[in-house]
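The values are calculated or read from the model by the stated rules, or taken from the named source; none is laboratory data. It should be emphasised that the depicted structure is a prediction, and the values quoted were computed from it without experimental measurement. Every residue, glycine among them, receives a Cβ derived from its backbone with ideal geometry; neighbour counts consider all protein chains shown. These accessible areas exclude ligands, DNA and RNA; they are computed on the full protein's heavy atoms, side chains included. Shrake-Rupley method; radii C 1.70, N 1.55, O 1.52, S 1.80 Å.
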Amino acid sequence: MASGAPLDMAGRLVQGTCGWGSPHQHLSVYPASCRSAEDRLEIYSRHFGAVEVDSTCYAIPSAKVVERWVARVPPGFAFLFKAFGAFCASSVDVASLPRSTRALLRQTDEDHLKTHVSYARMPEPARADLWNAFHACLAPAARANKLACVVFQFHTSFGVSPSNRRKVEELRNR
């Protein structure tokens, strides 16, 4: 993925939370009049220097959505994106996949009938499509020099093993 200069976090201590948009996240920085998630992000970014985007674990947002997020925050603000769940979980709900990935899965005999699918069992064209969608969503933050990192969160059962090491290396390469 092409991007501008990397976000320089060296020597910076940046505070933030996981998420900003939930109406159940009762941070004292939000006025009662604040209704939309994008308004909350703008207010949040005045008080915190970073945020972990947890929603990308459950669904890959469009680049347009991320562009709007990037436009709402000041220079130096950092986004830490959680990797899409299919990359780290044993399986994900097919409905959470991008339409283009679901279309590729429908071309296989068995996977289109399932409600859940594992990344390991996806055909390579579907995996590549999933990565293309994920990279596309990260691109606006990278271009704006606001992408700090991508967090790959595995289940506690994901132990040390040669096969898990290969999986982590594959994810890193992608």
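Return the residues of region 43-65 that are touching a helix residue (DSSP H, G or I) at 6+ places or on another chain (Cβ under 9 Å), crowded, with 16+ Cβ neighbours inside 10 Å and charged (D, E, K, R); say none if nothing qualifies.
Of everything in region 43-65, nothing turns out to be touching a helix residue (DSSP H, G or I) at 6+ places or on another chain (Cβ under 9 Å), crowded, with 16+ Cβ neighbours inside 10 Å and charged (D, E, K, R).
Report, ordered by the first and then the second residue, all pairs with beta carbons closer than 9 Å, sequence separation of six or more or different chains, a first member in region 148-161 that is surrounded by fewer than 10 Cβ atoms within 10 Å (Cβ to Cβ), and a second member that is polar (S, T, N, Q).
If the second residue must be polar (S, T, N, Q), the pairs left are H155/S90; S157/S90.
Between residues in region 119-143 that are in contact (Cβ under 8 Å) with a residue 40 or more places away in the chain and residues that are part of a helix (DSSP H, G or I) and small (G, A, S), which pairs lie under 8 Å by C-beta distance while being six or more apart or on different chains?
Pairs found: L130/A86; A133/S100; A136/A63; C137/A63; A139/A63; P140/A63.
Inside region 117-174, can you point out the residues that are under 16 Å from the mean Cα position of the chain (by Cα) and β-branched (V, I, T)?
Of everything in region 117-174, those that are under 16 Å from the mean Cα position of the chain (by Cα) and β-branched (V, I, T) turn out to be V150, V151.
One line per residue, one yes/no per condition, for (1) within 25 Å of S96 (Cα to Cα); (2) in contact (Cβ under 8 Å) with a residue 40 or more places away in the chain; (3) in a loop (DSSP other than H, G, I, E, B); (4) not hydrophobic (A, V, I, L, M, F, W, C):
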site	(1), (2), (3), (4)
G21	yes, no, yes, yes
V29	no, no, yes, no
A32	no, no, yes, no
R40	yes, no, no, yes
Y44	no, no, no, yes
V51	yes, no, no, no
T56	yes, yes, no, yes
A59	yes, no, yes, no
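What's the total number of residues in region 1-19 that are at pLDDT 80 or above and part of a loop (DSSP other than H, G, I, E, B)?
4
Among the residues of region 98-133, count how many are touching a helix residue (DSSP H, G or I) at 6+ places or on another chain (Cβ under 7 Å), among the polar types (S, T, N, Q) and open to solvent by 40 Å² or more (accessible area, probe 1.4 Å).
Counting residues in region 98-133 that are touching a helix residue (DSSP H, G or I) at 6+ places or on another chain (Cβ under 7 Å), among the polar types (S, T, N, Q) and open to solvent by 40 Å² or more (accessible area, probe 1.4 Å) gives 2.
G76 - would you say it is within 30 Å of L13 (Cα to Cα), of a type outside the set (S, T, N, Q) and in contact with a Ser or Thr (Cβ under 8 Å, 6 or more places away or on another chain)?
So G76 fails the test.
Would it be correct to say that A136 is surrounded by 13 or more Cβ atoms within 10 Å (Cβ to Cβ), in a helix (DSSP H, G or I) and in contact with a Gly (Cβ under 9 Å, 6 or more places away or on another chain)?
Against the criterion (surrounded by 13 or more Cβ atoms within 10 Å (Cβ to Cβ), in a helix (DSSP H, G or I) and in contact with a Gly (Cβ under 9 Å, 6 or more places away or on another chain)), A136 does not qualify.
What are the residues in region 66-97 that are loosely packed, with under 15 Cβ neighbours inside 10 Å and hydrophobic (A, V, I, L, M, F, W, C), if any?
Within region 66-97, A71, A95 meet the criteria.
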